[in-house]
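See below for the structure under consideration.
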Amino acid sequence: MIDLRSVPGGVRFAVRVQPRSSKNQISGEVEGCLKIKLTAPPVEGEANQALIKFLASWLQVPRQDIAIVRGDTSRHKLVEINGVDEQWLRTRLEQL
């Protein structure tokens, strides 16, 4: 199960990114993190921007409401989504 944490104004959760994949997709859960495969390479922030774009599209929230709080240069990232609550996000995750 993905570990979701409520913060003022939103929700934080851990993501494990696999860059240079054949397509952008959520590939499940690993060690409490949401595992996401991205086609972008891990250079010059391309994978980070691809992650934000992918999450915004999947969750149907504006890109500016998504922030990478920790892990800019790591595959393990802490992501914050503003303007949503934990229950709403958990419902989206259950639809996977």
| query | Of everything in the range 10-21 that's touching a Lys or Arg at 6+ places or on another chain (Cβ under 8 Å) and in a loop (DSSP other than H, G, I, E, B), which residue is surrounded by the most Cβ atoms within 10 Å (Cβ to Cβ)? | reply | PRO19
| task | Would you be able to say whether some residue in the range 39-61 is in a helix (DSSP H, G or I) and in contact with a Gly (Cβ under 7 Å, 6 or more places away or on another chain)? | result | no
| field | Within the range 42-71, considering residues that are more than 12 Å from the chain's Cα centre (by Cα) and surrounded by fewer than 16 Cβ atoms within 10 Å (Cβ to Cβ), the one nearest to MET1 (Cα to Cα) | value | GLN60
| request: For the range 21-41, state whether one or more residues are in contact with a His (Cβ under 9 Å, 6 or more places away or on another chain) and of a type in the set (A, V, I, L, M). | output: no
| task | Output the number of the condition that THR39 fails; it satisfies all remaining conditions of (1) of a type in the set (Ser, Thr, Tyr); (2) modelled with pLDDT under 95; (3) surrounded by 13 or more Cβ atoms within 10 Å (Cβ to Cβ). | result | (2)
| task | Can you work out which of the residues in the range 22-36 that are within 14 Å of the chain's Cα centre (by Cα) and outside any strand (DSSP E or B) is surrounded by the fewest Cβ atoms within 10 Å (Cβ to Cβ)? | result | GLY32
| field | Answer residue from the range 76-85, given it is modelled with pLDDT of 95 or more and either closer than 16 Å to CYS33 by Cβ or among the charged types (D, E, K, R) (or both) and is surrounded by the fewest Cβ atoms within 10 Å (Cβ to Cβ) among those | value | HIS76
| The one condition in (1) in a helix (DSSP H, G or I); (2) within 27 Å of ARG20 (Cβ to Cβ); (3) touching a residue at least 60 places away in the same chain (Cβ under 8 Å) that ARG90 fails to fulfil | (2)
| task | Could you tell me whether any residue of the range 1-9 is of a type in the set (Val, Ile, Thr) and either surrounded by fewer than 17 Cβ atoms within 10 Å (Cβ to Cβ) or closer than 13 Å to LEU93 by Cα (or both)? | result | yes
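The values are calculated or read from the model by the stated rules, or taken from the named source; none is laboratory data. Remember, predicted model here, so these are calculated numbers, not experimental data. Every residue, glycine as well, gets a Cβ built from its backbone with ideal geometry; the counts of neighbours run over all protein chains shown.
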